[in-house]
Amino acid sequence: MDSTLIIPIITGIITLILGFIAGKLIFAKNTAKQVEEAEQQVKKIIAEANITAENLKKEKMLEAKERFVQLKAEHDKEVLEKNRKLGDSENRAKQKELTINQKLEGLEKQIKENDSIKEHLNRQIEVINQKRTELEKHQEEHIRRLEKIAGLTAEEAKSQLIESLKQEAHSQALSLQQEIIEDAKLRANKEARKIVIQTIQRTAAEQTIENTVTVFNLESDEIKGQIIGREGRNIRAIEAATGVDLIVDDTPEAIVLSSFDPLRREIARLSLQRLVADGRIHPARIEEVVEKTRKQIEEQVMEIGERTIIELGIHGLHKELVRVVGKMRFRSSYGQNLLMHSREVANLCGIMAAELGLNPKLAKRAGLLHDIGKVPDEETELSHALLGGKLAEKYGENPAVVNAIAAHHDETEMQYVISPIIQACDAISGARPGARREIMQQYIQRIKDLENLAMTYGGVEKAYAIQAGRELRVIVEADKMTDTDSEKLSFDMAQKIQTEMTYPGQIKVTVIREKRAVNVAR
């Protein structure tokens, strides 16, 4: 090997060894310094921990002392309260004991006094017995003397005296009985007035008068032309199907529906609403919609009846009677809505029956049903009270309810206690200020009589009084009457109305005969 290469190699090895040794020395020195610093840090942490532990210990001891003081104070307070209660109890017991001792002393004193009184009474009784014996002897002697003077025995005199006393007592009893009856009547009248006034005050009733017109609002006046139809055929079809008079005038965006029957007006209103919404307005569609509306009204009638009996708390009512109650919503009596009137009477009857100690549920039931004869399915000669009683009996109502309905206008004898209550409550409801309108009811009755007169003729299918009773529109069956018969029928009806009815102005009789031929292409 070349000597020039060996020397640098040896020099490098030595340098490497020296560097390694120097690195070891430096690392050892740094490690020792870090260890020393770590030991100092540990000592510092331990010292801080000891200080923290000492402070925590002092705080906990201070809290424990405060808690002890608080508990001790509460305990002392409880002990004082218990001692106070015990002291009060002892005072009450001592007071009771003192009162009892005083009562015992008083009782002992009363016993001693009673003993002395008893002895005194015994002595008085002995004296009285002696006097009684002497009096009986004198009485016997006196009776014997009277018998000698009067010539009557003691029994005969006794009989005469008893008879005289009986007559006197009877006379006094009759007088007293009359006084008691008069007083009872006076008190009964006062009590009855009080009950009636309280019942009226406890029942708040809305007063509404039924009108004979309904306003049907339109979105625009252009729809009026569709409703009238070509040459007025649509409006005639609506009037013929519903029996309601449609008044189309200059009133903007409105048509007036006029009829004395609220049910007809409601059917006409709903039918018009459907026709306008659908847009298809022609006679065939009108008849179809009116028929559907009638069925819908029937369902609505049942719903109104069921809701009414639920609100009044009446159960077990026959379905037909529920339907009749629902129909009351579309009837009026002297301008007063019949359902509102019947509900008011029911509430009045319930309150009054409760005040008198009777069955309020039975009275309320009779009050609701008292005017069911005003909404018959068929016309009859009977008054509404008797007809209502028959309907109630037909559908299994309580005899007391039947009698109350039939007798509330004194058309039959009242047999139950609730009957006069129904009559009184009906009068109260109808007599409220603004509740009824006599002229309206007379007008409605005249309209009904007009329609009923038309229905008495053979071949008449429908009859409607329109134009506020100034026109009677009669629809006849085309297969049973000819055109000549229709003309004769119109004349006969006009003559009969003129001779049998009283009415203002004039009444136009219109007989409509329409023949339809219908076939179906399949």
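Brief remarks on what is shown
- Amide H partners (placed H, <5 Å) of V509, local residues excluded: L472
- Top positive-direction residue, dipole computed over segment 227-319 with Cβ charges, set A284, G232, A268: A284
- The residues neighbouring K488, those whose beta-carbon lies less than 14 Å from its own, together hold a net charge of -1 under the Lys/Arg +1, Asp/Glu -1 convention.
- Pairs spanning more than 26 Å between alpha-carbon atoms, out of K488/K515; K295/K488; K295/K462: K295/K488.
- Summing +1 for each Lys or Arg and -1 for each Asp or Glu among the other residues whose beta-carbon sits under 13 angstrom from that of M302 gives +1.
- Cβ-defined net charge surrounding I235, 12 Å radius [Lys, Arg +1; Asp, Glu -1]: +1
- Cα-centred dipole magnitude for segment 1-99, charges only on beta-carbon of K, R (+1) and D, E (-1), debye, nearest 20: 520 debye
- Residues of type lysines that K112 reaches as a straight line, Cα spacing below 28 Å, ignoring anything fewer than 8 places off in the same chain: K94, K96, K103
- Dipole magnitude for segment 264-414: computed about the Cα centre from +1 point charges on Lys and Arg Cβ and -1 point charges on Asp and Glu Cβ, it is near 640 debye.
- With distances taken between every two different alpha-carbon atoms, segment 1-127 has a Kirkwood hydrodynamic radius of 26.8 Å.
- Modelled spin-label separation between N83 and A28, with each label point placed 7 Å from Cα along the Cα-to-Cβ direction: 8.2 nm.
Rule-based calculations on the coordinates, nothing more; no lab input. Just so it is clear, the model here is predicted, and its values are computed rather than measured. Positions of Cβ are backbone-derived with ideal geometry, glycine not excepted, and every protein chain shown enters the neighbour counts.
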